[in-house]
Amino acid sequence: MVWGVWIQAVNREKQQTSFALQKERIESVTHVPGVYADAVHPTIAATATALPPHTITRDDVKYYMGRVFNISERRLEAMMSIVDNAQVHKRHAIFPIDYTIEPRALSKTNNEYIEHAVKLGREAAEKCLERAGLKPEEIDLIVTVSCTGFMIPSLDAHLIHLMGFRPNVRRMPFTELGCAAGAMALGRAADYLKAQPGGNVLIISVELPSLTFQRKDISQANLISSILFGDGAAAAIVRGNPAPGPKILISETYTFPDSLFAMGFDLRDSGFHIILDKEVPEMIGGKIRGLVEGFLERNGRKREEIKGWILHPGGARLLGNVETELGLCKCDTQPSWDILGNVGNLSSATILFILQEWLEKRPLKTGEYALAAAFGPGFSAEFLLLQWA
């Protein structure tokens with residue numbers, strides 16, 4: 001009896017402690033003047049992007065699709081309609097389209113990936129450092145993000161030798177997280193800086209999906225990916241010390257139950273073959289409202305307080321579903337549409353491209369809140385609560 005009473009008392013104490021910690025966390029993001037200690041909430045101090053020289057237009061896709069893929073006339077007509085409705089007007093690629101569509105061995109395309117990932121990643125990183133007014137030796141952690149190729153040593157190791165980072169700079173390569181990885185990298189950078197106040201984190205995302213093009217794969221997923229995805233790189237610097245820019249208040253990951261089938265890559269002798277379930281837009285649309293409201297409620301904010309919606313579009317159908325479920329209009333998410341239209345889906349780099357659009361063209365007022373969200377294999381969603389400073 002005494003033992004049972006003691007167990008009940010311990011459980012009550014644990015529950016009270018849990019509630020207290022949750023309350024403390026919520027109160028820590030309540031908008032009270034001076035409540036945001038700069039050392040506690042890291043700031044996105046700079047962003048930069050880099051694009052390869054070659055372009056693929058919507059007209060190019062229409063011209064080549066029937067010539068490249070061995071599909072029926074009826075299916076080709078259906079694909080032309082999808083091209084028209086995809087809202088992707090132009091994308092970039094590291095090679096001209098005539099070379100991009102030619103079959104090549106995985107060893108060949110992966111060597112091309114390594115060469116161009118280093119080149120584009122360095123370009124984005126150098127731009128970002130310059131914008132932040134930092135030197136490579138001032139960076140404490142490098143987070144490199146990519147899912148469209150494979151390299152060991154990883155991208156960060158190559159850049160350490162090329163750009164003059166400190167020998168003791170910390171390294172965190174992110175792979176296999178797909179389109180969600182850019183947002184996840186921001187969240188993990190903030191986590192690091194909360195543990196190591198005053199530091200500087202450089203995030204570099206490079207994606208080269210044109211190298212995963214599969215001419216002989218006539219699955220709907222591969223045909224859709226040939227319409228959506230483009231090559232590019234983006235970088236961001238997150239600082240622990242006070243700096244102008246959006247503060248990362250908190251981040252959260254949600255992994256959908258029984259969702260391994262939804263998105264990913266199947267690695268075969270011919271290279272990377274995309275997995276993209278047709279129900280992904282509906283799967284996200286069916287849960288996004290509850291996920292967003294729950295995330296905001298747990299962190300002391302309401303839907304009406306969010307003035308910026310920094311959303312990874314995936315594709316036009318997915319972004320449209322998210323808008324509908326969240327009660328948004330296209331004007332609320334225009335930067336997401338602009339990036340989708342002008343450079344396509346850049347996988348993990350997309351959210352950083354969109355973030356830069358907000359920073360340069362639609363900056364919020366000091367104290368206003370934004371929500372960033374991206375989705376990727378797992379199937380997972382990553383959310384970040386930001387506040388402009």
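Residue check: Leu326 meets all listed conditions (1) over 27 Å from Ile204 (Cβ atoms); (2) surrounded by fewer than 20 Cβ atoms within 10 Å (Cβ to Cβ) but one, namely (2). Residues being touching a Lys or Arg at 6+ places or on another chain (Cβ under 7 Å) and among the polar types (S, T, N, Q) are represented in the stretch 220-242 by at least one member.
Among the residues of the stretch 233-255, the one identified as under 28 Å from Ile288 (Cα atoms) and assigned to a loop (DSSP other than H, G, I, E, B) is Gly245. Between Gly308, Gly341, Gly264, the distinction of being in a strand (DSSP E or B) and more than 15 Å from the chain's Cα centre (by Cα) belongs to Gly308 only. Scanning the stretch 77-97 for residues that are surrounded by fewer than 15 Cβ atoms within 10 Å (Cβ to Cβ), touching a helix residue (DSSP H, G or I) at 6+ places or on another chain (Cβ under 9 Å) and either farther than 22 Å from Thr350 by Cβ or not assigned by TED's automatic domain parsing to the domain that holds Phe229 (or both) returns a single hit, Met80.
Out of curiosity, is Ser219 surrounded by fewer than 22 Cβ atoms within 10 Å (Cβ to Cβ) and at pLDDT 90 or above? Steps first, answer last, please.
Numbers: surrounded by fewer than 22 Cβ atoms within 10 Å (Cβ to Cβ): yes; at pLDDT 90 or above: no.
For Ser219, the condition - surrounded by fewer than 22 Cβ atoms within 10 Å (Cβ to Cβ) and at pLDDT 90 or above - is not met.
Scanning the stretch 348-377 for residues that are at pLDDT below 95 and crowded, with 17+ Cβ neighbours inside 10 Å, we see that the one that is farthest from the chain's Cα centre (by Cα) is Pro377. Only one entry of Gln196, Gln214 meets the criterion of being assigned by TED's automatic domain parsing to the domain that holds Arg75, surrounded by fewer than 24 Cβ atoms within 10 Å (Cβ to Cβ) and touching a His at 6+ places or on another chain (Cβ under 6 Å), and that entry is Gln214. Asp258 satisfies every condition listed in (1) among the acidic types (Asp, Glu); (2) part of a loop (DSSP other than H, G, I, E, B); (3) at pLDDT 90 or above except (3).
Looking across the stretch 201-260, the residues that are polar (S, T, N, Q) and closer than 27 Å to Arg362 by Cβ come down to Ser205, Asn241, Ser251, Thr253.
The values are calculated or read from the model by the stated rules, or taken from the named source; none is laboratory data. What you are looking at is a predicted structure, and each value in this text was computed from that prediction instead of being measured. When we count neighbours, we look across all protein chains shown, and the Cβ atoms used for this are built from the backbone with ideal geometry, even at glycine.
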